[in-house]
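> Encoded as structure tokens, here's the structure I'll be asking about.
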Amino acid sequence: MSSPSDLTPDGRVEAGPAAPEAPASDENTRVPLRIEDWLTVISMALLALITFANVIVRYFTDQSFAWTEEFSVFLMIVLTLVASSAAVARHRHIRIEFIADAGSPRRRHLLALWGALAMALLFLLMAGLSVRMVWDHYVYEEISPGLGLPQWWYSVWLPVLSLAIALRALGRFNRLRKAGPQP
């Protein structure tokens, strides 16, 4: 609904702000971000279907699928890591904008470089440590509580997706380094 302040003198409604354009980083990545986008869509669709099926079954039978919680938690972790990878590449990750966007272009550029490098190091460390966890799950033959599947089937994706985030952060670092400070 428009308010009187949105009207032009001849009574037409003023156009609101333009829709945001696609981030420039989408075109500059070597590996297309469509991969993360599609994995996000697939994860969300599976989560919605599983939850819907569980609600229907509970409503009609007063029972629930035990495996749905296990698989939903797995999908939420995958969704979080895949979306984080896309956010890093698009420079949409969490940061304190008051600090990151303040100061001279050179200062902002150096903070962005430092942030991308720190993120890459963090996720490389996380990938390395989680490989050890996956190995323990494999060696000790741990099984999942709901379905009784090998636990490493779920945990193997943590180092893989952490490495993907680290590579996206390194790609962002490289693009920033080549571009230099922007006004």
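> With respect to the numbered conditions (1) buried (at least 16 other Cβ atoms within 10 Å of the Cβ); (2) within 30 Å of Ala179 (Cβ to Cβ); (3) of a type in the set (Gly, Ala, Ser), which one is the sole condition not fulfilled by Gly128?
Exception for Gly128: condition (1).
> Looking at Arg34, Arg30 in this structure, which one is more than 22 Å from Pro150 (Cβ to Cβ) and in contact (Cβ under 8 Å) with a residue 40 or more places away in the chain?
On the way: Arg34 fails: in contact (Cβ under 8 Å) with a residue 40 or more places away in the chain.
Selected residue: Arg30, the only one of Arg34, Arg30 that is more than 22 Å from Pro150 (Cβ to Cβ) and in contact (Cβ under 8 Å) with a residue 40 or more places away in the chain.
> Considering only segment 84-121, state which residues are under 14 Å from the mean Cα position of the chain (by Cα), of a type outside the set (Lys, Arg) and surrounded by 13 or more Cβ atoms within 10 Å (Cβ to Cβ).
Ser84, Ser85, Ala86, Ala87, Val88, Ala89, His91, His93, Met119
> Here's something else I'd like to know. Enumerate the helices (runs of 4 or more DSSP H) found wholly within segment 96-183, keeping only those where 2 or more residues are of a type outside the set (Asp, Glu) and at pLDDT 95 or above.
On the way: elements: 97-100, 105-139, 152-155, 157-179.
Qualifying helices (runs of 4 or more DSSP H): 105-139, 152-155, 157-179.
> Residue check: is Pro9 over 22 Å from the mean Cα position of the chain (by Cα) and at pLDDT below 90? Let's see the steps before the verdict.
On the way: over 22 Å from the mean Cα position of the chain (by Cα): yes; at pLDDT below 90: yes.
So Pro9 fits the description; yes.
> Provide a single number: the residues in segment 137-183 that are more than 30 Å from Ser104 (Cα to Cα), among the small types (Gly, Ala, Ser), buried (at least 17 other Cβ atoms within 10 Å of the Cβ) and in contact (Cβ under 8 Å) with a residue 40 or more places away in the chain. Spell out the reasoning first.
Looking only at segment 137-183, we keep the residues that are more than 30 Å from Ser104 (Cα to Cα), and these are 137-164.
Right, trim to among the small types (Gly, Ala, Ser) and you get 144, 146, 148, 155, 162, 164.
With the extra rule that they be buried (at least 17 other Cβ atoms within 10 Å of the Cβ), the set shrinks to 144, 155, 162, 164.
In the following step, the residues that additionally are in contact (Cβ under 8 Å) with a residue 40 or more places away in the chain were identified as 144, 162, 164.
The qualifying residues number 3.
The values are calculated or read from the model by the stated rules, or taken from the named source; none is laboratory data. All values reported here derive from a predicted model rather than from experimental measurement. Glycine also receives a Cβ, built like all others from the backbone with ideal geometry; neighbour counts cover every protein chain displayed.
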